[in-house]
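In what follows, a single structure is set out as structure tokens and then discussed.
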Amino acid sequence: MAKRDRLSGNEAVAVAMRQINPDVVAAFPITPSTEVPQYFASFVADGKVDTEFIPVESEHSAMSACIGAQAAGARTITATSANGLALMWEMLYIAASSRLPVTLAAVNRALSGPININNDHSDTMGARDSGWIQLYGENNQEAYDNLIQAVKIGEHPDVMLPVMDCYDGFITSHAVENIELLEDDEVKAFVGEYNPDFYLNDRENPISVGPLDSVSHYFEHKRLQAEAMKNAKKVILEVAAEFEKLTGRKYGLFEEYMMEDAEIAIVVINSTAGTAKEVVKSLRAKGVKAGLIKIRVYRPFPVDEIVKALKKVKALAVLDKCDSFNAAGGPLFTDVTSALYGRADGIKVINYIYGLGGRDVKTDDIEKVYERLADIAKTGSVGEIYNYFGVRE
């Protein structure tokens, strides 16, 4: 039976961790993710979990400890943000290539430099090709729900990959919202026990983890890793269906908001979707056929599904809270246009970079995007593809 509470996003994620009761948590503090291990450490101190909490000297060490623990057969969770994720960089790839389903609460924050502690997506977008599954959440409820599902997804025998639960720093991590929590026993039953087929502490079946691969096997192991990422899409949907039966909350690869007859639409990730939905509702009241796609699963990227959702749209804007500095557009824009190429070439697509370093995103900004999309749909003239809003030029 669901329990209603008022929690910040970080506290909700820490509660999910307590309910999961992982074998190991290794973490180092960094704003705005610090509260996650802080809350969890209090659960350890109060004897509410059996977890071995490992305080370390850096984020690189945190992920190294997680890799060692998960390789030994222990369910392991950690949390970080921004520069902390960057310091883990080497180990992110090792966790993924070693097929270790570590779970990471990634509290999105602008990646230095210049130094900035506020929200954008430059940290996790920078890690998008490290081999980690990436789930994104609009609000506190989704941050909580995604973490619980992340454990089950990553540990599935057809996947065995690490998973990031990404949510916006301060906007989601520190804001207090109403949330529905599962009972502790429901969470434990949902995630089940972690029983890997291969682990270092299995004396009967000794293995090595992270050996020199060289020319003979490296390519084949990368191919298997890529296949696991393909498998993850099906598993994510299976876990979401099971979660819906338990909670009534429906999750997919992305959310379609008023897309049934939409002629113009935007694609967006995380908390900005809440602002954009208000704009869509306002435009619909005026007779404008506007819609929105909110990406939940960014890795693996839902190519076929997003093409199907967008194929009737005349004009589309992809909003990136991160710049790729490729002189062509942001990372989400690149993936969306790649998906559409050769499958839905008639759609006029533009890109906006916005909100870098925590710059406010206003309904007025989103309205102007839709106004431009309406003009593109009417005239067929796209103009500049690579754009910014909310910045002093």
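Only residues that are surrounded by 15 or more Cβ atoms within 10 Å (Cβ to Cβ), out of contact with any helix residue (DSSP H, G or I) (no Cβ under 7 Å at 6 or more places or on another chain) and under 15 Å from residue 263 (Cα atoms): list them for segment 351-374, please.
Matches in segment 351-374: 369, 372, 373, 374.
Can we say residue 386 is among the hydroxyl-bearing types (Ser, Thr, Tyr), under 23 Å from the mean Cα position of the chain (by Cα) and under 25 Å from residue 82 (Cβ atoms)?
no
Looking only at residues that are surrounded by 16 or more Cβ atoms within 10 Å (Cβ to Cβ) and in a strand (DSSP E or B) in segment 6-23, which one is farthest from the chain's Cα centre (by Cα)? Write out each step before concluding.
Start the filter on segment 6-23 by keeping residues that are surrounded by 16 or more Cβ atoms within 10 Å (Cβ to Cβ), which leaves 7-23.
With in a strand (DSSP E or B) added as a condition, the list becomes 7-8.
Values: 7: 20, 8: 18 Å.
Among them, the one singled out is 7.
Being in contact with a Gly (Cβ under 9 Å, 6 or more places away or on another chain) and not in a loop (DSSP other than H, G, I, E, B) is true for just one of 145, 120, 185. Which residue is that?
Details: 120 fails: not in a loop (DSSP other than H, G, I, E, B); 185 fails: in contact with a Gly (Cβ under 9 Å, 6 or more places away or on another chain).
Exactly one of 145, 120, 185 is in contact with a Gly (Cβ under 9 Å, 6 or more places away or on another chain) and not in a loop (DSSP other than H, G, I, E, B), namely 145.
Check whether at least one residue in segment 338-346 is under 21 Å from residue 388 (Cβ atoms) and surrounded by 18 or more Cβ atoms within 10 Å (Cβ to Cβ), and report yes or no.
No, there is no match, as no residue in segment 338-346 is under 21 Å from residue 388 (Cβ atoms) and surrounded by 18 or more Cβ atoms within 10 Å (Cβ to Cβ).
Sort out which residues of segment 152-182 are touching a Gly at 6+ places or on another chain (Cβ under 9 Å), buried (at least 24 other Cβ atoms within 10 Å of the Cβ) and among the aliphatic types (A, V, I, L, M), and write them in order of number.
Residues satisfying the conditions are 161, 163.
Does any residue in segment 339-358 that is closer than 15 Å to residue 316 by Cα come within less than 7 Å, Cβ to Cβ, of a residue that is small (Gly, Ala, Ser) and crowded, with 19+ Cβ neighbours inside 10 Å six or more places away or on a different chain, and which pairs are these?
Once the first residue is closer than 15 Å to residue 316 by Cα and sits in segment 339-358, its partners that are small (Gly, Ala, Ser) and crowded, with 19+ Cβ neighbours inside 10 Å give 348/315; 350/317; 351/329; 351/330; 352/317; 353/330.
Among the residues of segment 252-286, which ones are of a type in the set (Ser, Thr, Tyr) and either out of contact with any Asp or Glu (no Cβ under 9 Å at 6 or more places or on another chain) or assigned by TED's automatic domain parsing to the domain that holds residue 122 (or both)? Outline the logic, then answer.
So the first thing to find is which residues in segment 252-286 are of a type in the set (Ser, Thr, Tyr), and the list is 257, 271-272, 275, 282.
The answer is 257, and nothing else.
In segment 42-68, how many residues are within 25 Å of the chain's Cα centre (by Cα) and of a type in the set (Asp, Glu)?
Adding up the residues that qualify gives 1.
Of 65, 26, which residue is modelled with pLDDT of 95 or more, outside any loop (DSSP other than H, G, I, E, B) and surrounded by 24 or more Cβ atoms within 10 Å (Cβ to Cβ)? Break it down into steps so the answer makes sense when it comes.
Numbers: 65 fails: surrounded by 24 or more Cβ atoms within 10 Å (Cβ to Cβ).
From the options 65, 26, the qualifying one is 26.
Which condition number does residue 86 fail, the rest of (1) crowded, with 22+ Cβ neighbours inside 10 Å; (2) within 19 Å of the chain's Cα centre (by Cα); (3) part of a helix (DSSP H, G or I) being met?
(1)
Spot the failing condition for residue 391; the list is (1) hydrophobic (A, V, I, L, M, F, W, C); (2) more than 23 Å from residue 172 (Cα to Cα); (3) at pLDDT 95 or above, and only one is missed.
Failing condition for residue 391: (2).
If you go through segment 213-252, how many residues are acidic (Asp, Glu), surrounded by 13 or more Cβ atoms within 10 Å (Cβ to Cβ) and within 18 Å of residue 95 (Cβ to Cβ)?
1
The values are calculated or read from the model by the stated rules, or taken from the named source; none is laboratory data. Worth saying up front: this structure is predicted, and the values here are computed from it rather than measured. Ideal geometry is used to build each Cβ from the backbone, glycine not excepted, and the neighbour counts take in all protein chains shown.
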